[in-house]
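Beneath this line is the structure, given in structure tokens, with notes to follow.
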Amino acid sequence: QAQLIESGGGLVQAGGSLRLSCAASGRMFSTYTMAWFRQAPGKEREFVGAVSWSGGNTDYGDSVKGRFTISKDNAKNTVYLQMNSLKPEETAVYYCAADRKFKPGKDGTNYLYWGHGTQVTVSS
């Protein structure tokens, strides 16, 4: 069973950057699709991005395209989310998710494994 542990959250000024990491345990990491979601207080969970098991294919939510980059290092069992040009409205808890389905897509209910989340706060 995969376990996911996020890190790298914190406080950053608007326009700044952060890199989140998600360390995964379990032998199946290299064959899982990995994704990032976020949830702000009072709002629904939002898809941020996903990367295929090989790392060769990525998908992003419309609001982060061109600013966020997701990558995967199978040797380190870690997936990263590089976030640039952050906005105050992107303050949220960011979650790492994983699933062995080929294309779980943007629906969080399709992901079986979840981390506990890391807080990202963007000040104006």
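The values are calculated or read from the model by the stated rules, or taken from the named source; none is laboratory data. On a predicted model such as this, the values are computed, not experimentally measured, just so you know. Cβ: placed from backbone, ideal geometry, glycine included. Neighbour counts: every protein chain shown. Side chains included, ligands, DNA and RNA excluded: accessible areas come from the protein's heavy atoms. Shrake-Rupley method; radii C 1.70, N 1.55, O 1.52, S 1.80 Å.
Of all residues in region 33-75 being more than 19 Å from Ser7 (Cβ to Cβ) and among the polar types (S, T, N, Q), which is farthest from the chain's Cα centre (by Cα)? Restricting to residues being more than 19 Å from Ser7 (Cβ to Cβ) and among the polar types (S, T, N, Q), the top hit is Ser54. Applying a threshold of 6 Å to beta carbon distances and a minimum spacing of six or more residues, or different chains, the list of pairs starting in region 89-107 at a residue that is modelled with pLDDT of 95 or more and ending at one that is assigned to a loop (DSSP other than H, G, I, E, B) and among the hydroxyl-bearing types (Ser, Thr, Tyr) reads Ala97/Tyr111. Got at least one residue in region 80-92 being open to solvent by less than 60 Å² (accessible area, probe 1.4 Å), touching a helix residue (DSSP H, G or I) at 6+ places or on another chain (Cβ under 8 Å) and more than 24 Å from Gly16 (Cβ to Cβ)? No, region 80-92 contains no residue that is open to solvent by less than 60 Å² (accessible area, probe 1.4 Å), touching a helix residue (DSSP H, G or I) at 6+ places or on another chain (Cβ under 8 Å) and more than 24 Å from Gly16 (Cβ to Cβ). Of all residues in region 56-79, those that are part of a strand (DSSP E or B), of a type outside the set (A, V, I, L, M), touching a strand residue (DSSP E or B) at 6+ places or on another chain (Cβ under 6 Å) and farther than 13 Å from Ala98 by Cα total 6. Gln13 meets all of the listed conditions (1) surrounded by 15 or more Cβ atoms within 10 Å (Cβ to Cβ); (2) closer than 17 Å to Ser123 by Cα but one, namely (1).
Kindly indicate whether any position in region 46-55 is assigned to a loop (DSSP other than H, G, I, E, B), farther than 16 Å from Gly117 by Cβ and either touching a Gly at 6+ places or on another chain (Cβ under 9 Å) or charged (D, E, K, R) (or both).
We begin by selecting, within region 46-55, every residue assigned to a loop (DSSP other than H, G, I, E, B); these are 52-55.
Now restrict to residues that are farther than 16 Å from Gly117 by Cβ: 52-55.
Those left that are additionally either touching a Gly at 6+ places or on another chain (Cβ under 9 Å) or charged (D, E, K, R) (or both): none.
Scanning region 46-55, I find no residue that is assigned to a loop (DSSP other than H, G, I, E, B), farther than 16 Å from Gly117 by Cβ and either touching a Gly at 6+ places or on another chain (Cβ under 9 Å) or charged (D, E, K, R) (or both), so the answer is no.
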